[in-house]
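Data first, discussion second: the structure below is written as structure tokens.
The values are calculated or read from the model by the stated rules, or taken from the named source; none is laboratory data. From a predicted model like this one, the values you see are computed outputs, not experimental measurements. Neighbour counts are summed over all protein chains in view; Cβ atoms, including those assigned to glycine, are modelled from backbone coordinates with ideal geometry. Just so you know, the surface numbers come from the protein's heavy atoms only, side chains and all, with ligands and any DNA or RNA stripped out. Shrake-Rupley method; radii C 1.70, N 1.55, O 1.52, S 1.80 Å.
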Amino acid sequence: RNIKQREFWRVRFVKAANDKLAAKETKASSRKATPAGFGTPGGSARGVGRNRGGAGGDLSAGVARSEYDEMQIIKALQRKEELRHMIRIPDMILDSEDRRCAVFDSRNGLIEDPVRAMRLENEIKPWTPAEKKIFHEKFNAYGKNFRRIAQHLERRDTGDCVMYYYKFQKTDDGFRGRRRAAAKKKRAYADAKRALAFNPASVEAQREREERSAPTAEARLERAALAAANKAAKAKARAEKAAKAKAKADAKDENAAKEDRPKTPTTAASTAAHKGPEWTDIEKTKFISGLLQYGTDFVAISSTIRTRSLDAVTQFYRDNRESMDLDSFAAAAGGGEGA
């Protein structure tokens, strides 16, 4: 049935458009035939020339040889433009069943009782006072960076933090400061808007009020002193931190240098502490004999060994003092001149 109705209306509109176009063409042809009457043998030469020019002119080429040709070209273009807007497709005629099928009715995620759903959600996963306290502390520190705030709450994710903010931002006491700041900003904007709308006298009055409400010189000096003290404290903390880091680095370098030094020789196979050949068993025997005889008089011991200098003898005593128990040999000798 619907298809038949649509076809009927389509044929009707096409027929009406064709009739209208035919009537316009008939009217245009009658107007065009009027100058041709002047082209008879009794007519003037001007009429004959105009008729000849109109008959021989090519209107489709867009070339106008006279005013008459130009008018005909303009009328032809107007007829083409009218034909474009003449046929208009009407709205679809739909019955009740078609209208029902054309509407997309989706009930996915429909919440029939939002109040009950919100109550159930609060009962299933309520916000504890400790979580609220942490949320407000981190919100004052990070602002609306809910992802970073959620990192400090074990049982909450970013979505929970977002929902909590937009649910309680206008009722919770933790957002009171933010609401005051927003109201103050709104009042300032409204005052500025009124000041622009009023005369310059009101603008001057507003400026005077702002100057009166501005902090005094003492308050500004106190604020500057606090800022300078905070800056000095931060600089001192940075200097202490740098000094600790430098001391730690120096200690590390010193430990590394100690590790790089030659180790104390404990056996005959150990490397000597000084540069030079290792001490032979004969040299060690002479050293112990000299130590028993002269004590810690390393000059006399060096002259006894002859193959080692005074520095080498002294270094050998220091390196092997504990491992070879050289102090007992020196005490047995009754002491001597120290190094």
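Kindly establish whether Ala76 is loosely packed, with under 10 Cβ neighbours inside 10 Å and closer than 30 Å to Lys15 by Cβ. Here the answer is no, as Ala76 does not meet what is asked.
Is segment 97-111 home to any residue that is exposed (fewer than 14 other Cβ atoms within 10 Å of the Cβ), on the phi < 0 side of the Ramachandran plot, touching a residue at least 40 places away in the same chain (Cβ under 8 Å) and touching a Phe, Trp or Tyr at 6+ places or on another chain (Cβ under 7 Å)? Among the residues of segment 97-111, not one is exposed (fewer than 14 other Cβ atoms within 10 Å of the Cβ), on the phi < 0 side of the Ramachandran plot, touching a residue at least 40 places away in the same chain (Cβ under 8 Å) and touching a Phe, Trp or Tyr at 6+ places or on another chain (Cβ under 7 Å), which makes the answer no.
Being part of a loop (DSSP other than H, G, I, E, B), open to solvent by less than 80 Å² (accessible area, probe 1.4 Å), at pLDDT below 65 and β-branched (Val, Ile, Thr), is that true of even one residue in segment 256-265? Let's see the steps before the verdict.
Taking segment 256-265 first, the residues part of a loop (DSSP other than H, G, I, E, B) are 261-265.
After this cut, where a residue has to be open to solvent by less than 80 Å² (accessible area, probe 1.4 Å) as well, the list is 264-265.
Then drop every residue that is not at pLDDT below 65, which leaves 264-265.
The next check asks that each one be β-branched (Val, Ile, Thr); those that pass are 264.
Yes, some residue in segment 256-265 is part of a loop (DSSP other than H, G, I, E, B), open to solvent by less than 80 Å² (accessible area, probe 1.4 Å), at pLDDT below 65 and β-branched (Val, Ile, Thr).
May I ask you to verify whether Arg178 is open to solvent by 100 Å² or more (accessible area, probe 1.4 Å) and either closer than 30 Å to Asp19 by Cβ or modelled with pLDDT of 85 or more (or both)? Criteria not met by Arg178. Return the residue satisfying two criteria in turn: it lies in segment 128-142 and is open to solvent by 70 Å² or more (accessible area, probe 1.4 Å) and more than 20 Å from the chain's Cα centre (by Cα), and of such residues it is farthest from Tyr165 (Cα to Cα). Among those that are open to solvent by 70 Å² or more (accessible area, probe 1.4 Å) and more than 20 Å from the chain's Cα centre (by Cα), it is Pro129. Pairs meeting the criteria (first residue in segment 7-19 and in a helix (DSSP H, G or I), second residue open to solvent by 90 Å² or more (accessible area, probe 1.4 Å), beta carbons under 9 Å, at least 6 apart or on different chains) are Arg10/Ile89; Phe13/Ile87; Phe13/Arg88; Phe13/Ile89; Val14/Ile87; Ala16/Ile87; Ala17/Ile87. Segment 59-152 holds helices (runs of 4 or more DSSP H) entirely within its bounds, and those carrying 3 or more residues that are under 30 Å from Leu21 (Cβ atoms) map to 67-86. Condition check for Met118 on (1) at pLDDT 75 or above; (2) loosely packed, with under 10 Cβ neighbours inside 10 Å: one failure, at (2). When segment 153-175 is limited to residues that are part of a loop (DSSP other than H, G, I, E, B) and of a type in the set (D, E, K, R), the one that is surrounded by the most Cβ atoms within 10 Å (Cβ to Cβ) turns out to be Arg156. Summed over segment 216-243, the residues that are open to solvent by 60 Å² or more (accessible area, probe 1.4 Å) and at pLDDT below 70 give a count of 2.
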